[in-house]
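Accompanying notes for the structure given below.
The values are calculated or read from the model by the stated rules, or taken from the named source; none is laboratory data. Keep in mind the model is a prediction, meaning the values are calculated, not measured. We work out accessible area using only protein heavy atoms, side chains counted, and drop any ligands, DNA or RNA first. Shrake-Rupley method; radii C 1.70, N 1.55, O 1.52, S 1.80 Å.
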Amino acid sequence: MILQQILRLSSLFRAAVSVHVRRNIGLSAIVFNKTKELDPVQKLFLDKIREYNTKSKQAGGPVDAGPEFQKDMNESLARLQRAYGEGDLTKFPEFKFE
């Protein structure tokens, strides 16, 4: 009887410790990744995203989009306005709750 209680408590203790260790390992991995330098592929990917962001802000829309893209976009917006009503479809709607 006492042996069974000891074994039950030891299994509970072991489960609690394993959860604690797993969480600490997970947190330390996140901290370690933030402190080390990015690998070259990640760095290149982030640089390209930042470069595209600055170009799109300068262009005021999609980068390297020709007149055909603008024509297709205008046609799509006109079709959506006919289907769903009037309003500016390029902006997020404003909701007012009473």
query: For residues in region 51-97 being part of a helix (DSSP H, G or I) and of a type in the set (S, T, N, Q), which is most open to solvent (accessible area, probe 1.4 Å)?
result: Gln58
- prompt: If you check Glu98 against the conditions, is it at pLDDT 70 or above and more than 22 Å from the chain's Cα centre (by Cα)?
  reply: yes
message: On the basis of being open to solvent by less than 80 Å² (accessible area, probe 1.4 Å), at negative phi, of a type in the set (S, T, N, Q) and modelled with pLDDT of 70 or more, does Ser18 make the cut?
response: no
message: Of the conditions (1) among the hydrophobic types (A, V, I, L, M, F, W, C); (2) modelled with pLDDT under 85; (3) under 27 Å from the mean Cα position of the chain (by Cα), Leu44 satisfies every one except a single condition; which number is it?
response: (2)
